[in-house]
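The values are calculated or read from the model by the stated rules, or taken from the named source; none is laboratory data. Nothing here was measured: the structure is a model prediction, and the numbers come from that model. Glycine gets a Cβ as well: all are built from the backbone with ideal geometry, and neighbour counts include every protein chain shown.
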Amino acid sequence: MSDIICIEGLSKSYADGANVLSDVNLNVKDGEIFALLGPNGAGKTTLISIICGIVRASSGTIMVDGHDYVKDYRWTRDLIGLVPQEIALDSFETVMRTCRLSRGLFGRRKDDALIEDILDKLSLIDKRDSQLRELSGGMKRRVMIAKALSHEPKILFLDEPTAGVDVELRKDMWRLVLALKERGVTIILTTHYIEEAEAMADRVGVISKGKLALVEEKESLLRRLGKKTLRIELQKPVAVLPTVLEPFNLDVEDNGSTFLYTYDKNANRTGITKLLSELSSTGLILKDLQTQQTSLEDIFIDMIQKENS
Ligand SMILES: Nc1ncnc2c1ncn2[C@@H]1O[C@H](COP(=O)(O)OP(=O)(O)OP(=O)(O)O)[C@@H](O)[C@H]1O
Ligand SMILES: [Mg+2]
């Protein structure tokens with residue numbers, strides 16, 4: 001897969017001298033869904049705003065589909081649809097006109113059927129003639145997506161697109177995003193719903209304090225760090241861990257009444273059978289067993305904590 005966005009040595013500091021982005025290097029592949037994760041203030045919106053030409057970088061270069069984003073600004077901006085984090089719409093315009101206008105601004109010929117199709121997929125078609133001030137917050141956010149799609153961009157940036165959107169409609173939105181990917185649109189999204197990135201993204205980037213801490217295929221990230229934990233609760237606590245259990249590196253919790261065994265679920269031998277058999281030989285009586293899978297969220301929190309320690 002070729003790269004549609006190539007970012008090299010990108011840094012940004014504001015007039016107060018604060019370094020918001022430091023030496024970011026990132027390539028986004030043509031046709032992928034890339035999720036950018038990171039805590040509040042990490043620099044996600046700043047990075048997106050720079051690529052879209054809204055904020056000026058202090059240094060670094062960006063190529064969009066082989067063109068320089070400053071020299072060939074119009075050309076590169078034309079390829080991009082942006083759904084900004086902040087809702088910014090003219091409240092007296094109708095939904096339809098908002099999208100039509102945006103399409104016109106990019107110099108595309110009028111195509112109401114196309115816009116109606118987008119509105120339909122975003123469950124907004126019955127609001128096509130409503131003024132934006134008559135819509136709920138979640139509806140406005142979906143109008144922002146419809147507007148960003150109106151000029152048929154090749155690259156779509158979604159900055160927290162599902163904030164304030166209910167579960168049902170969020171699913172609609174993701175179906176639309178997957179359909180766009182099917183059509184070859186590259187999607188870069190930020191989200192605080194990590195399960196969303198886990199479900200949707202091909203690759204994940206974690207940004208922390210303006211630095212890109214990690215970029216990895218989601219699957220390999222989950223495989224590499226995708227550990228499982230077996231939680232063993234005992235009927236009665238033990239004062240000392242029996243010697244036969246020592247090789248399992250158990251974490252002991254709840255004053256000796258819970259053991260935690262971490263294993264790699266992809267390994268040929270997880271060691272669970274042996275552990276349970278050794279446990280049984282000790283005569284300890286079990287109360288409950290539970291397993292827990294590491295999620296991207298666990299990995300992410302762990303990483304941020306390490307960054308800050
Ligand atoms: N115009 C500005 N002037 C000065 N500092 C700014 C400006 N815009 C953003 N910042 C700072 O840049 C940093 C990164 O902000 P940014 O909006 O990129 O974070 P984010 O990762 O998108 O956070 P969130 O998850 O809250 O949306 C913050 O410390 C913010 O205060
Ligand atoms: Mg942001």
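Annotations for the structure displayed:
- Residues of region 209-239 classified as assigned by TED's automatic domain parsing to the domain that holds Glu278 and over 21 Å from Thr262 (Cβ atoms), total: 3
- All positions within region 127-137 that are assigned to a loop (DSSP other than H, G, I, E, B) and either in contact with a helix residue (DSSP H, G or I) (Cβ under 7 Å, 6 or more places away or on another chain) or not assigned by TED's automatic domain parsing to the domain that holds Glu152 (or both): Arg128, Asp129, Ser130, Leu135
- Residue, farthest from Pro153 (Cα to Cα), within region 117-126, restricted to residues that are part of a helix (DSSP H, G or I) and within 29 Å of the chain's Cα centre (by Cα): Ile125
- Boolean, Ala179 is small (Gly, Ala, Ser), within 16 Å of ligand 1 (Cβ to nearest atom) and assigned by TED's automatic domain parsing to the domain that holds Val20: no
- Among the numbered conditions (1) modelled with pLDDT of 95 or more; (2) in contact with a His (Cβ under 9 Å, 6 or more places away or on another chain), the only one that Leu10 does not meet is (2).
- Residue in region 67-80 that is under 22 Å from the mean Cα position of the chain (by Cα), surrounded by 13 or more Cβ atoms within 10 Å (Cβ to Cβ) and either at pLDDT below 95 or closer than 22 Å to Ala146 by Cα (or both) present: yes
- Residue within region 149-172 that is among the polar types (S, T, N, Q) and loosely packed, with under 15 Cβ neighbours inside 10 Å present: no
- Given (1) closer than 26 Å to Ala199 by Cα; (2) near ligand 1 (Cβ under 9 Å from one of its atoms); (3) more than 15 Å from the chain's Cα centre (by Cα), index of the condition Gly38 fails: (3)
- Failed item, numbered, when Ile194 is tested on (1) at pLDDT 90 or above; (2) within 16 Å of ligand 2 (Cβ to nearest atom); (3) in contact with an Asp or Glu (Cβ under 6 Å, 6 or more places away or on another chain): (1)
- Among helices (runs of 4 or more DSSP H) entirely within region 1-116, having at least 1 residues that are within 16 Å of ligand 2 (Cβ to nearest atom) and either closer than 27 Å to Met303 by Cβ or aliphatic (A, V, I, L, M) (or both) singles out 44-51.
- Residue count for region 81-114, restricted to those that are within 16 Å of ligand 1 (Cβ to nearest atom) and of a type outside the set (S, T, N, Q): 6
- Number of the exception - Leu234 against (1) more than 16 Å from ligand 2 (Cβ to nearest atom); (2) out of contact with any strand residue (DSSP E or B) (no Cβ under 8 Å at 6 or more places or on another chain): (2)
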